[in-house]
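Chemist: My questions all concern the structure below.
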Ligand code: NAD
């Protein structure tokens, strides 16, 4: 297979971590007889420096022409970087919102997995973390409260703010289908999270999810209220496989799920549209405080590349090989600074990439 990938190394540690992910992709593709064609483009601060805008139309076209986009991270130090003296629509993060919109990315996936070797970083009680967890939060990204009409008016001498939460059947159906398709690649369980005891939008969400579930008799479906889900994530995270939810609930729950893993440098993510196309990037930012020192943890980006193989290219075996190599490196005691603990061996970003390649 030929994989046509647009790379956006970005700013800060972005170029360092993307270089490691490419190295790992090259290794696994060489082993399995695939060819990769990379096209590197600029976005964020790097694009501002060269083109005076955070995202050019050419970059969007290059991304659209690819099968998938692999991104590092964008942005700089928000207090000291000159990029943040620009008007908001010209700052690095504006590029991020624009590219998500241009590519129609409506489904955000964030896995939360507890590595046995990093269990000490998990803030949960030992008896809970001992069971481990391996879940995927699937968040609707382009609808709901964040995109509804909003206004602030004055009424009876006081200010009143109004935000509207809308979802259409088609918006819910397309993400539900993604959620069930992805559950089929995992442990075949979907927990749909809503607030159907109060909200109309949640009652519609639940109705459409049930309709979609009828086409997936092999996938177990359950419904959970969002307040209960927030509690269950810290009480019994092992029960979850795919958590499917709307925009705002997903925003909050995905951060909570990330937090219980305890290690930001390990968290991958994907944003998908209704084709096989996806944008894959670590959940963390550009870490300008450690940029250029070869000490960043490249694993979140490497795991994002594994997600790309699994969800865009259906290369599940190759994705498994990368994930197994990451587990083996941790088992062998190697750690970057952010996940280092006494008795383990501290390595830099490039070395971590090399060690993972050696295990593929
Ligand atoms: P950050 O995630 O970049 O860093 C937070 C802390 O975690 C820092 O101490 C950093 O050194 C550490 N860290 C992050 N990733 C790491 C890694 N891979 N290995 C080791 N340590 C790591 O968050 P921030 O400091 O709030 O933001 C910095 C910049 O990143 C800002 O400009 C912000 O807007 C941007 N940002 C971009 C994205 C994105 O590109 N999608 C996401 C979040 C933040």
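Chemist: Can you tell me which of 212, 234, 260 is over 14 Å from the mean Cα position of the chain (by Cα) and free of Cβ contacts under 8 Å to residues at least 40 places away in the same chain?
Modeler: Values: 234 fails: free of Cβ contacts under 8 Å to residues at least 40 places away in the same chain; 260 fails: free of Cβ contacts under 8 Å to residues at least 40 places away in the same chain.
One residue alone meets the criteria, 212.
Chemist: Look through 179, 95, 104, 148 and report the one residue that is out of contact with any helix residue (DSSP H, G or I) (no Cβ under 6 Å at 6 or more places or on another chain), away from the ligand (no atom under 15 Å from the Cβ) and either modelled with pLDDT of 95 or more or in a helix (DSSP H, G or I) (or both).
Modeler: Result: 179 is the single residue among 179, 95, 104, 148 that is out of contact with any helix residue (DSSP H, G or I) (no Cβ under 6 Å at 6 or more places or on another chain), away from the ligand (no atom under 15 Å from the Cβ) and either modelled with pLDDT of 95 or more or in a helix (DSSP H, G or I) (or both).
Chemist: Has the stretch 7-17 got at least one residue that is without any contact (Cβ under 8 Å) to a residue 12 or more places away in the chain and either outside any loop (DSSP other than H, G, I, E, B) or more than 12 Å from the ligand (Cβ to nearest atom) (or both)?
Modeler: No: zero hits.
Chemist: Failed condition for residue 173, given (1) touching a strand residue (DSSP E or B) at 6+ places or on another chain (Cβ under 8 Å); (2) surrounded by fewer than 18 Cβ atoms within 10 Å (Cβ to Cβ); (3) in a helix (DSSP H, G or I), with all others met?
Modeler: Every listed condition holds for residue 173 apart from (1).
Chemist: Tell me, yes or no, whether the stretch 24-46 has at least one residue that is under 28 Å from residue 142 (Cα atoms) and assigned to a helix (DSSP H, G or I).
Modeler: Yes: one or more hits.
Chemist: Checking residue 340 against (1) touching a strand residue (DSSP E or B) at 6+ places or on another chain (Cβ under 7 Å); (2) closer than 14 Å to residue 68 by Cβ, which single condition isn't satisfied?
Modeler: Result: residue 340 fails condition (2) only.
Chemist: Another question about this same structure. Just the residues that are part of a helix (DSSP H, G or I) and more than 10 Å from the ligand (Cβ to nearest atom), please, taken from the stretch 81-92. Steps first, answer last, please.
Modeler: Of the stretch 81-92, the ones part of a helix (DSSP H, G or I) are 82-85, 88-90, 92.
Across the stretch 81-92, the qualifying residues are 82, 85, 88, 89, 90.
Chemist: Here's something else I'd like to know. Spot the failing condition for residue 26; the list is (1) within 12 Å of the ligand (Cβ to nearest atom); (2) without any contact (Cβ under 8 Å) to a residue 40 or more places away in the chain; (3) within 22 Å of the chain's Cα centre (by Cα), and only one is missed.
Modeler: Status for residue 26: all satisfied but (1).
Chemist: When you go through 27, 50 one by one, which is the residue that is in contact with a helix residue (DSSP H, G or I) (Cβ under 6 Å, 6 or more places away or on another chain), over 23 Å from residue 251 (Cα atoms) and surrounded by fewer than 24 Cβ atoms within 10 Å (Cβ to Cβ)?
Modeler: 27
Chemist: From the list 227, 215, exactly one residue is modelled with pLDDT of 95 or more, surrounded by fewer than 19 Cβ atoms within 10 Å (Cβ to Cβ) and part of a loop (DSSP other than H, G, I, E, B). Which is it?
Modeler: Unique residue meeting the criteria: 215.
Chemist: State the number of residues belonging to the stretch 64-80 that are out of contact with any helix residue (DSSP H, G or I) (no Cβ under 7 Å at 6 or more places or on another chain) and either within 11 Å of the ligand (Cβ to nearest atom) or on the phi > 0 side of the Ramachandran plot (or both).
Modeler: 3
Chemist: OK, next. Which one of the conditions (1) more than 24 Å from the chain's Cα centre (by Cα); (2) within 16 Å of the ligand (Cβ to nearest atom); (3) surrounded by 16 or more Cβ atoms within 10 Å (Cβ to Cβ) does residue 21 fail to meet, given that it meets all the rest?
Modeler: It fails just one condition, (1).
The values are calculated or read from the model by the stated rules, or taken from the named source; none is laboratory data. Owing to the predicted nature of the structure, the values given are computational and were not obtained by experimental measurement. Cβ atoms come from the backbone with ideal geometry, glycine included; neighbour counts cover every protein chain shown.
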